[in-house]
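Everything on this sheet refers to the single structure shown next.
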Amino acid sequence: MAARTILLNSFSSGMQEYLDERFTMNCGMLPKTMEKCLEDVKNLSDIQREEMVSGNYELVKKFTSESQSKLYDKFYAKILKY
């Protein structure tokens, strides 16, 4: 996403918290669904492609090293309380 490309994903467990289905192509995990996904990407208009790329790029901005380290700090603090 930071590379300003369209993101193809399988939306496997845990990824929903990081991805936005408006900007990410859900390709599933089967060859048939992956093939359809690639066809869908190929058929996107330039405007649709740019909207997806821009949307993903905005999502990436939330995940800086600083924000992620704060998240881990909170996580470890909770664990240490037990």
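Once Lys and Arg get +1 and Asp and Glu get -1 on their Cβ, which of L44, V60, M25 lies farthest toward the positive end of the dipole of the chain? Positive-most Cα among the choices belongs to V60. Can you tell me the 0 to 90 degree angle between the C-alpha axis of helix 46-60 and the longest principal axis of the chain, rounded to 10? The helix 46-60 is inclined about 10 degrees to the chain.
Do the sum for the chain: with -39,500 (n - 2.57) for every DSSP H run of n ≥ 4, divided by all residues, what is the mean residue ellipticity at 222 nm, to the nearest 500 deg cm²/dmol?
Mean residue ellipticity, 222 nm, calculated: -17500 deg cm²/dmol.
Counting only alpha carbon atoms, the long axis of helix 31-42 and the longest principal axis of the chain meet at about 70°.
Output the direction-averaged projected area (hull surface divided by four) of the convex hull of the alpha-carbon atoms of the chain, in nm².
The orientation-averaged projected area of the Cα hull of the chain comes to 6.6 nm².
Between D46 and Y76, the contour length at 0.36 nm per residue exceeds the Cα-Cα span by 6.4 nm.
Across the range 7-81, Cα pairs under 8 Å and at least six residues apart give a relative contact order of 28 percent. Debye-formula intensities of the range 14-59, expressed as log10 I(q)/I(0) at q = 0.27 Å⁻¹, are -1.03 (one equal scatterer per alpha-carbon, no solvent).
Read-outs throughout are calculated quantities, based only on the coordinates presented, and are distinct from any laboratory measurement. All values reported here derive from a predicted model rather than from experimental measurement. As a convention, Cβ positions derive from the backbone with ideal geometry for all residues, glycine included, and neighbour counts pool all protein chains shown.
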